[in-house]
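Beneath this line is the structure, given in structure tokens, with notes to follow.
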Number of protein chains: 2
Amino acid sequence: MTRWLDAGEQEVWRAFLESHHRFFDQIGRELNQDCGMPHAYYEVLVRLSEAPGRRLRMSELADRSQSSRSRLSHAVSRLEESGWVRRETCPSDARGAEAVLTDEGFAVLESAARSHVESVRRHLFDQLTAGQVRQLGEISRAMRDHLRSLGGC
Amino acid sequence: MTRWLDAGEQEVWRAFLESHHRFFDQIGRELNQDCGMPHAYYEVLVRLSEAPGRRLRMSELADRSQSSRSRLSHAVSRLEESGWVRRETCPSDARGAEAVLTDEGFAVLESAARSHVESVRRHLFDQLTAGQVRQLGEISRAMRDHLRSLGGC
DNA sequence: TACACGATGTTGAGAGTTCAACAAACCGTT
DNA sequence: AACGGTTTGTTGAACTCTCAACATCGTGTA
């Protein structure tokens, strides 16, 4: 028995869908124009920059950047060609590989972060009241916790 | 002068980002497993099914399905190969092309819609209170209206 | 030690998206 | 009618992502 959406739910769903499409399109386009990098790659650099020694095991980095192992492997290959990340073999585990953020990568990230934060503020936080921001936080956490429990990524 | 995010905003932003990633990954994966179709293509079929005569000009269809003209052109080519959509030349405008939903396409859409709605309900509406759904609607509309004013897509 | 099982990371092929370039047809003006 | 500028839709190349297959190495067990 399909539980269809009523008219109100339909409207929420469509607004949700359109706003997300437009938002991430816009964010991604601006990031790409300013720094020639898709958002997924930016995420990788961010997570690396936050790790001690600016280095992480590939699988740990994949988890933190919401990426599959395969996707990360391709991404790091591309980031290596740009000179922003390099691979090193893991001393404690011969299977392992570590991704290390280079100085050049850190510099690129610093400049990318400025314009990116500006985008996020313009298109998200500036459009909402303080109460809506709080609500959005709770809504996002509820969805996130549910989806984490499905054990993806 | 970069307006950085404070700690609270950071947390909202990260939860928003992660929930978005996980949600659309999940929705897309389920849709793909059930009906061998990415979400963008599903959107195309939906918009066509809602149009009078189940047909639309390509550019109109692109607007309604949040797609670029190029993307839609590729998408319709693929949907044509599946036999779910066909192209017809536009009588009033010799440049134009119309996309028409075939009977087979309509049947596929009907069955896809069942499982897709179920996904959306499970991963979105079932996770939120009625108040949160209302809030999400207002938040989404605010973002959508702002982003529409930028004139993309 | 030897074996099965699980985890890590990479690879290649196929599919989807983006971007710029392009042909064709419409529109307004002269 | 002819011209320039605009709109429509397509194309091909480059890029990213997904998925399955794979080689490699760790871990527990007999």
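The values are calculated or read from the model by the stated rules, or taken from the named source; none is laboratory data. Quick caveat, the model's predicted, so the values are computed rather than measured. So basically every Cβ, Gly included, is an ideal-geometry build from the backbone, and we count neighbours across all protein chains shown.
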Can you spot a residue in the stretch B:133-150 that is part of a loop (DSSP other than H, G, I, E, B) and either in contact with a Ser or Thr (Cβ under 9 Å, 6 or more places away or on another chain) or closer than 30 Å to A:Arg134 by Cβ (or both)?
yes
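Any residue at all in the stretch A:91-106 that's among the hydroxyl-bearing types (Ser, Thr, Tyr), touching a Lys or Arg at 6+ places or on another chain (Cβ under 8 Å) and over 24 Å from A:Arg148 (Cβ atoms)?
Taking the stretch A:91-106 as the starting set, the residues that turn out to be among the hydroxyl-bearing types (Ser, Thr, Tyr) are A:92, A:102.
Pick out the ones that are also touching a Lys or Arg at 6+ places or on another chain (Cβ under 8 Å) and you get A:102.
Narrowing further to those that are over 24 Å from A:Arg148 (Cβ atoms): A:102.
Scanning the stretch A:91-106, I find at least one residue that is among the hydroxyl-bearing types (Ser, Thr, Tyr), touching a Lys or Arg at 6+ places or on another chain (Cβ under 8 Å) and over 24 Å from A:Arg148 (Cβ atoms), so the answer is yes.
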Report whether or not B:Val12 is more than 11 Å from DNA strand C (Cβ to nearest atom), within 13 Å of chain A (Cβ to nearest Cβ) and surrounded by 20 or more Cβ atoms within 10 Å (Cβ to Cβ).
yes
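Here is a yes/no grid of residues against (1) under 15 Å from the mean Cα position of the chain (by Cα); (2) within 20 Å of B:Leu31 (Cα to Cα):
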{"position": "B:Leu48", "(1), (2)": "yes, yes"}
{"position": "B:Met58", "(1), (2)": "no, no"}
{"position": "B:Gln66", "(1), (2)": "yes, yes"}
{"position": "B:Ser82", "(1), (2)": "no, yes"}
Name the single residue that is farthest from A:Arg141 (Cα to Cα) among those in the stretch B:133-153 being small (Gly, Ala, Ser) and at the interface with another protein chain (Cβ under 7 Å from one of its Cβ atoms).
B:Gly152
Go through the stretch A:42-132 and tell me which strands (runs of 3 or more DSSP E), entirely inside it, have 1 or more residues that are loosely packed, with under 14 Cβ neighbours inside 10 Å.
A:85-89
For the stretch B:47-93, enumerate the residues that are of a type in the set (Lys, Arg), farther than 19 Å from B:Cys35 by Cα, more than 9 Å from DNA strand C (Cβ to nearest atom) and within 14 Å of chain A (Cβ to nearest Cβ).
B:Arg64
Name the residues in the stretch A:59-111 that are modelled with pLDDT of 95 or more, hydrophobic (A, V, I, L, M, F, W, C) and either within 14 Å of DNA strand D (Cβ to nearest atom) or touching a His at 6+ places or on another chain (Cβ under 6 Å) (or both), would you?
A:Leu61, A:Ala62, A:Leu72, A:Ala75, A:Val76, A:Leu79, A:Trp84, A:Val85, A:Ala97, A:Val108
